[in-house]
1. I'd like the Karplus ³J(HN,Hα) series for segment 158-168: coefficients 6.51, -1.76, 1.60, θ = phi - 60°, whole numbers in Hz, and an x wherever there's a Gly or Pro.
2. Give the distance, in whole Å, between the Cα centre of segment 366-434 and the Cα centre of segment 653-680.
3. Show the residues, 5+ positions off or on another chain, whose built amide H is closer than 5 Å to the amide H of A113.
4. Return the ratio Rg/(2.2 N^0.38 Å) for segment 670-752, where Rg is computed over Cα atoms only.
5. D229 versus N390, label points 7 Å from Cα toward the beta carbon: distance in nm?
6. Provide the gained length on full extension for the span E337 to I361, in nm with one decimal, where the gain is 0.36 nm per separating residue minus the Cα-Cα distance.
7. When we measure straight from the Cα of K280, which aspartates and glutamates land under 12 angstrom away, once same-chain ones fewer than 8 places off are left out?
8. Between segment 577-640 and segment 136-182, what is the separation of their alpha carbon centroids in Å?
Amino acid sequence: MALRQTIAFVGNLVPRHFSDENFKESEMAKIIWTRTDEAPLLATYSFKPVVEAFASTANIDVETADISLAGRIISQFPERLTEEQKMDDALAQLGELAQKPEANIIKLPNISASLVQLKNAIKELQEGGYDLPDYPDKPANAEEEDIRNRYDSVKGSAVNPVLREGNSDRRAPQAVKNFTKKHPHSMQDWPADSKSAVATMDANDFAHNEKSVIIDGDDELKFVLKAADGSEKVLKEGLKVEDREVVDATFMSAKALDDFLREQVAYAKENNLLFSAHLKATMMKVSDPILFGHVVRAYFHEVFEKYGEELIEAGLNGENGLGHILENLDKLDNGDEIKQAFDKAQEDGAPLAYVNSHKGITALHVPSDVIVDASMPAMMKTGGQMWNKNDETQDALAIIPDSSYAGVYQTVIEDSQANGQYDPTTLGTVPNVGLMAKKAEEYGSHDKTFKIPSAGTVEVRNSAGEVLISHDVEENDIWRATQTKDEPIQDWVKLAVSRARTSGMPAIFWLDENRGHDATLIKLVNKYLEDHDTEGLDITIMDPVSATKKSVERMRNGEDTISVTGNVLRDYNTDLFPILELGTSAKMLSVVPLMAGGGLFETGAGGSAPKHVQQVLEENHLRWDSLGEFLALAESFRHEASKNDNAKASVLASTLDKATEKLLDEGKSPSRKVGEIDNRGSHFYLAMYWAQELAAQSEDSELAEHFAPIAEKFSEAADKIDAELMEVQGDSADLGGYFQPSDDKASKIMRPSATYNQLMEDLKK
């Protein structure tokens, strides 16, 4: 393969349009780089030119697909926009590509949009000249229903299920693991008298009420709420299901939830424990904000007993958090009086955990601030403590209402209280094989989750009118259904066997025979394991609590164990164990072997980091760590090398791995502090080390010859470039937009070194 001579560092940095139809037009191989949101988007302005330049030497084109929240919104309303403003539905096009063997997609974290975030993005775009309609909270006609449906299609976790046409393979890269053992992250000791604990329900929650069936033949389902008098309300109809698909349904009792929460508020106060709810409002967009509202009302029950009617009438029911209530009290005639009541209730009540004590932001302020998969491991890193109003750590009571997986965290807490804090220098690893292909739900999908309007029986009926599942429910109960197709389950079992064989690690399926969904999965796992050669492999099935005990025991002994889980535990475990092992989940290697033969390479967990963007706006310092992008890119190159027999891509992958390891060893990862290296500096050093490794390698003389002068020029200019990247820090920065930054402004901010930019321009000649 001839070496492409042009080093295209600069050019169309973030093209707005991606088309699956044009994917095969070029003779060059293609990697699709996703334009997402917040910190990963800002990092893209700096790093993607480097990716383009190096990839081009292996005859690989890097194309951008805009799946940002702003892009997804804009794509839904082409009829209202100018030709210049219109955008293709890149997410839908990527979803189609993911089902083809040629797919090679690098997926950066995106906003999993809450309603608040969605409305804020709409407002910003409207102010930017986009003729977009307001979000109709209560659609009054067919047109408003259509508008709301379009907006709802981009809300919540709209992106990942579309792209994840394969199951998850997440693990700590060996280079990162080695680095952590040499340079362990900070872990706070557990107090000898630690009283921290998880509080969860023992009945009438999602776990205990779950029922599961396997569908017999392709069909359509209907969800119906049948009242005692025989009248019926259709909750959902026309839900298509496939033969052998697993369908589950369950509900949480609102009354039982309220009783449980009131008890925990009293317990936290009595034992001087920080009260904190840990939910998943970013993923479970319907159920968990409702749960959060119950938490807020339980903590402030005296306020709601006195002023509840006024508050709820004003839409201040707590589902958008305490912050939303306090911000809108001025709209009420007696707002000051109610504000004083909230202040007194907090003063007299259980101590609250704080997200930011300096700004007075409690863990009850914003539903998306305390996300269970990140917040619980963070609590364990700090010895089971969270932050109080005085900016001090204190023992905490973690409220996780649904008991499905709460026991996992309680088990880790008990292990830590008994055996002390984990030591990153000696820990084994717990990689994950997760079931998520073809929208394997388990979360409680938004369009199948309902707040029950009146007492009755919810029935899941097939097209013949037969009742497959039924639940007796009361007003305000939260009922939900989920789907998991059979083909992904088979692929999940296959991937677990393959990873166990390749790694030599034991693999544990985390499944509880006492839970409806899991009981069905256990039968299927046992069935499909028979399709594979498992001789010599250690593959077992354990309930999540037992699996956690076994995994942390082995981890403390320096032994490795694969966790094989459903979609929720995939999400939880790929934060929990990496945060304990590595200090952050962003350093995880996240590979999705697509079922059609392509590859989806995710750049690690950790969300889209809105606080990082805030720091850029205030101090022009981006602390986002692109290590996940480096790791994903290397795997993407390896996939290209294997798929298309591209030897140069293999060299790019191996040298990138070495450059990444050198970056870690040399301490060139971003710092949290202004005036120290940030994301931009980290990208520069990665590019320099990568060029040096390419120049030094002997596998491909053409690449070595090509990169030798490039590496030399980088080295000569390194000190000057480093200084230029540092000197811009400290002042505020104008991105020209939050959800849709100005490409010109953001590019200038993220590429501020004139020397670096000129060097790149020179390299093009």
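None of the figures in this text is laboratory data; all of them are computed from the coordinates on show. Everything quoted here is computed from the prediction, not taken from an experiment. Reconstructed Cβ throughout: ideal geometry from the backbone, glycine too, with neighbour counts over all protein chains shown.
1. 6, 8, 4, x, 6, 8, 7, 8, x, 8, 9
2. Using only Cα atoms to place each centre, the spacing works out to 28 Å.
3. Placed amide hydrogens put G156, A158 under 5 Å from A113.
4. On the way: Rg = 15.9 Å, N = 83, 2.2 N^0.38 = 11.8 Å.
Scaled against compact globular proteins, the figure is 1.35.
5. 5.9
6. Roughly 6.6 nm would be gained on extension.
7. Of all the aspartates and glutamates, those that pass the test against K280 - Cα under 12 Å, at least 8 places apart if same chain - are D288, D369, D373, D402, D571.
8. Centre-to-centre (Cα) distance: 15 Å.
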